[in-house]
DNA sequence: TGCATATAGTTCGCCATTCAAACTAATAAT
DNA sequence: ATTATTAGTTTGAATGGCGAACTATATGCA
């Protein structure tokens, strides 16, 4: 059913746009830049990561990321660590205070998710989780 | 159930991050900047909009938006139009070629949505749409 | 093995983006 | 009427991002 898919598509985009606006608004209030919060978010969710990988996820060049990470190291949000097997690579990971920042930011996300699904039954929430998991796997 | 909600929360964030990376990659290939595509996307979905409103959705100041829209007017993607009742306000809308660009970009989104939900049954897709609609209304 | 090629990250110069503040014009409030 | 508020623009300063040149390490292959 073509039209139905169109609706689903637009509903997804609308959701994405709204989440994006929400993220901006939240970030504006906490003193750090959006790229910094974004980086903390990614590292918090995925754990330590190589520069290259992180740059791809964020969508910037490694040149840009080097400068970005330098600033974040100064701000004590992240630290660099040698890669165990590949000496060209460098792992970036959250410091303790970076971890704290992640958890605080994550709490806001939790609250948002709770607010958005407030009228969902327990079963619906479970189904929603299943849907997202399957979609994320396909990505 | 606390833990379940945590999973749903993180699945949503993961989805958001992936969509964000996808959008970046798509935009890089088409010659226009990310904010420009973003603007076209918003106007295409929501129709003509005041500068203020648009700035809020995108997450920039109106000063930034003025410059941005100037460029897009030059590129013939959008045009300014007087607001019917409030003479302070200005409506921004897509031009014909802006509309074409929106539809082309939208096709990519459609394809992505189709790919991501390829293993979903018709009923599941319908339920997914219902979930997104309810969440978007709550936002 | 040894040499060519590829990959990871850094540095740096240049251009694009963004913000904040000052400003104009129109509207709303008292 | 006068004052306060709101929408949008302009501009100077700060920031962000890209791409090319460079260093160091790893991989491929004759």
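The values are calculated or read from the model by the stated rules, or taken from the named source; none is laboratory data. Keep in mind that what you see is a predicted model, and the values were worked out from it rather than measured. Here Cβ is always computed from backbone atoms with ideal geometry, including for glycine, and neighbour counts include all displayed protein chains.
For residue A:29, work out the one condition from (1) touching a residue at least 24 places away in the same chain (Cβ under 8 Å); (2) away from chain B (no Cβ under 12 Å); (3) more than 14 Å from DNA strand D (Cβ to nearest atom) it doesn't fulfil.
Just one mismatch for residue A:29, condition (1).
Cβ contacts < 9 Å: first residue within 14 Å of chain A (Cβ to nearest Cβ), restricted to segment B:59-71; second residue modelled with pLDDT of 95 or more and within 6 Å of DNA strand D (Cβ to nearest atom), any location; separation 6+ or different chain. Result?
Taking only residues 6 or more apart or on different chains, the pairs are B:65/B:51; B:65/B:52.
Does residue A:112 satisfy the condition of being surrounded by 13 or more Cβ atoms within 10 Å (Cβ to Cβ) and touching a residue at least 60 places away in the same chain (Cβ under 8 Å)?
Yes, satisfied.
Which of (1) within 17 Å of the chain's Cα centre (by Cα); (2) loosely packed, with under 15 Cβ neighbours inside 10 Å; (3) within 16 Å of DNA strand D (Cβ to nearest atom); (4) not in a loop (DSSP other than H, G, I, E, B) is the odd one out, the single condition residue A:104 does not satisfy?
Exception for residue A:104: condition (3).
Please pick out the residue among A:19, A:45 that is in a helix (DSSP H, G or I), over 24 Å from residue B:58 (Cα atoms) and under 16 Å from the mean Cα position of the chain (by Cα).
Criteria check complete, one pass: A:45.
Which condition number does residue A:60 fail, the rest of (1) away from DNA strand D (no atom under 14 Å from the Cβ); (2) assigned by TED's automatic domain parsing to the domain that holds residue A:109 being met?
For residue A:60, the failing item is (1).
Among the listed residues B:80, B:88, which satisfies the condition of being in contact with a strand residue (DSSP E or B) (Cβ under 8 Å, 6 or more places away or on another chain), surrounded by fewer than 16 Cβ atoms within 10 Å (Cβ to Cβ) and without any contact (Cβ under 8 Å) to a residue 24 or more places away in the chain?
Residue meeting the stated conditions: B:80.
Can you say whether residue A:93 is under 14 Å from residue A:42 (Cα atoms) and either in contact with a helix residue (DSSP H, G or I) (Cβ under 7 Å, 6 or more places away or on another chain) or within 16 Å of DNA strand C (Cβ to nearest atom) (or both), as far as the supplied structure shows?
Taking the combined requirement at face value, the residue satisfies it.
Out of the residues in segment B:63-74 that are within 7 Å of DNA strand D (Cβ to nearest atom) and under 19 Å from residue B:95 (Cβ atoms), which is surrounded by the most Cβ atoms within 10 Å (Cβ to Cβ)?
Within segment B:63-74, the match that is surrounded by the most Cβ atoms within 10 Å (Cβ to Cβ) is B:69.
Kindly provide the set of residues from segment B:47-57 that are away from DNA strand D (no atom under 11 Å from the Cβ) and within 17 Å of residue A:24 (Cβ to Cβ), ordered by number.
Within segment B:47-57, B:57 is the sole residue that qualifies.
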